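Inspection log for the structure reproduced underneath, given as structure tokens.
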Amino acid sequence: MLNIFKTIKRQIYVLESKLWFNPFAYCILAILAIYICYLIQQLNINFYSERISIDTVNALLSIITKSMLAVIVFTVGAIVTAYNSASNSGTPRILAILFRDRASNKATSSFIGTFIYGVIATIAIKSGVFDKTGVFLVFILTIFVFVWVIFTFIVWIDSIAKLGQVRTLLTKTESQALTTVEKYIKNRYQGCNKLIVDKMPKKSIPILASDYGFLNDISFENLNEFCKNLGAKIYIVKYKGEHLASSEVMAYIKCSRTLTEDELAKLSFCFIISNEKNFSEDPIFGIETLSEIAAKALSPATNDPTTAINVIDTINRCLNCLFDSNITNKQQIVYKNLYIKDISIDRFVRSGFEYIRIYGSSNLLVAKRIQKSLLHICKQSNDENSKVIASYMENCYKQANSELKYTFEKMELQEFIKSLKSQ
């Protein structure tokens, strides 16, 4: 049952990213609104005004149906332009976040729903379905729709004007990245036991990837049920978001008997592989997207190091969650037969800084901010992680020292690092 709810939740999340979903829902709502007016009329309630005639309502509905078509075309054109601008100034990966922009989706859905409402209401009134009470109810509903559309349009204009700006892209991406990282911290092991790779049983049977792509989800409930029936244990060595090649090892199973190929294939299908990454399930993807925005800002065509520096600060805030003791930890073991490893701090750090290191090492200001940010993370990490981050920090320094053009810049960077470490 839990697995069914999770599947439904995941499908709803996917549907919400589709541009047609909200407009379709608003169309259904518009039809229901007219039908509710008809049902109220059937109660034989005398609720009308002699001043409101059918001609008045028809005139209002005519304005709605004629104007909404033009507004819809304008809206779609403006949204497409904003998406193209966002893709050019940021990264195409951010479109997955923008498709969920509530203001744009709400505006488009409202305008299409209003148009459908106008058409359905006009047909209903001209066909003689409504009496005086019904016509008056439609009039009140139409006035409400007018106010709603005007308010939505004003809010949407303010939103669409900012949608393609880099600042807006950073804010939306940071919000998504923070949400996913916090979700990961609260449940690092997804309800499974913590896997210590060195203690994994020998002679375990590998479970191989059935396709080429990204690991988007894992059906833990099905895997755990399989283990219960066979008295087995499964050790998952890949985390959501990792790239897999066909026949790459995703997990190992320790069982008292030899498993058939069909059984191994069923286990493999519990690992859902997709062609694209998923922001909701992959705690790394949002941080990678931020890094790509910085790389785009550092390209010669854009030449905007300030944006790259802002991205570094944003990534630092996201990674800071990994060490935040105030975030409630809910590591409850639900799947007792499953073991999974957590994501190393090193992977988070490299995902956030690798593009910036590659494209920004030749800029003194960017190189300084990289060192400052990495040192901040290093000081918060435990001994094992701090050594890895310190090594990566040293590599970043070596590349910057190699790519900086002038000797005085190299000296300044060196002195800056010394002053940071002495604090």
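Values for this structure:
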item: Unmet criterion (only one of (1) more than 30 Å from K277 (Cα to Cα); (2) assigned to a helix (DSSP H, G or I); (3) among the hydrophobic types (A, V, I, L, M, F, W, C); (4) in contact (Cβ under 8 Å) with a residue 40 or more places away in the chain) for A78; result: (1)
item: Residue in region 212-235 that is part of a loop (DSSP other than H, G, I, E, B) and among the charged types (D, E, K, R) present; result: no
item: Whichever residue in region 105-160 is touching a Ser or Thr at 6+ places or on another chain (Cβ under 6 Å) and of a type in the set (G, A, S) and, among such residues, is nearest to S67 (Cα to Cα); result: G118
item: Residues of region 271-304 that turn out to be hydroxyl-bearing (S, T, Y), touching a Phe, Trp or Tyr at 6+ places or on another chain (Cβ under 6 Å) and part of a helix (DSSP H, G or I), as a count; result: 1
item: Which numbered condition I315 fails, given (1) over 22 Å from I370 (Cβ atoms); (2) among the β-branched types (V, I, T); (3) surrounded by 21 or more Cβ atoms within 10 Å (Cβ to Cβ); result: (1)
item: Yes/no for K106 being within 21 Å of the chain's Cα centre (by Cα) and over 24 Å from K277 (Cα atoms); result: yes
item: Meets criteria (in contact (Cβ under 8 Å) with a residue 60 or more places away in the chain and in a helix (DSSP H, G or I)) for I312; result: yes
item: Any hit, region 344-357, residues being in contact with a Cys (Cβ under 7 Å, 6 or more places away or on another chain) and modelled with pLDDT under 90; result: no
item: Enumeration of residues in region 32-57 that are under 24 Å from T108 (Cα atoms) and of a type outside the set (A, V, I, L, M, F, W, C); result: Y35
item: Residue in region 170-178 that is part of a helix (DSSP H, G or I), under 26 Å from the mean Cα position of the chain (by Cα) and without any contact (Cβ under 8 Å) to a residue 40 or more places away in the chain present; result: yes
item: Looking only at region 315-343, and only at residues there that are of a type in the set (S, T, N, Q) and assigned to a helix (DSSP H, G or I), the one that is modelled with the lowest pLDDT; result: N320
item: Single residue of L365, L338 found to be surrounded by fewer than 17 Cβ atoms within 10 Å (Cβ to Cβ), of a type outside the set (D, E) and touching a residue at least 12 places away in the same chain (Cβ under 8 Å); result: L365
item: Among the candidates L61, L43, L15, L32, residue that is hydrophobic (A, V, I, L, M, F, W, C), farther than 24 Å from F151 by Cα and modelled with pLDDT of 80 or more; result: L43
item: Flag for N58 being assigned to a helix (DSSP H, G or I), over 18 Å from the mean Cα position of the chain (by Cα) and touching a residue at least 24 places away in the same chain (Cβ under 8 Å); result: yes
item: Residue that is at pLDDT 90 or above and closer than 30 Å to D282 by Cα, where the choices are T168, T180; result: T180
item: Residues of region 81-129 satisfying the condition of being in a loop (DSSP other than H, G, I, E, B), touching a residue at least 60 places away in the same chain (Cβ under 8 Å) and surrounded by fewer than 23 Cβ atoms within 10 Å (Cβ to Cβ); result: T91, F99, R100, D101, V129
item: Test: I140 is closer than 17 Å to K172 by Cβ, in a helix (DSSP H, G or I) and among the aliphatic types (A, V, I, L, M); result: no
item: Subset of region 183-208 (residues that are crowded, with 17+ Cβ neighbours inside 10 Å and more than 30 Å from D262 (Cβ to Cβ)); result: Y184, I185, R188
item: Qualifying positions in region 387-423 - without any contact (Cβ under 8 Å) to a residue 40 or more places away in the chain, surrounded by 17 or more Cβ atoms within 10 Å (Cβ to Cβ) and under 21 Å from D346 (Cα atoms); result: M393, Y397, A400
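The values are calculated or read from the model by the stated rules, or taken from the named source; none is laboratory data. Being a predicted model, the structure only gives us computed values, none of them experimental. Note that each Cβ is placed from the backbone with ideal geometry, even for glycine, and that neighbours are counted across all protein chains shown.
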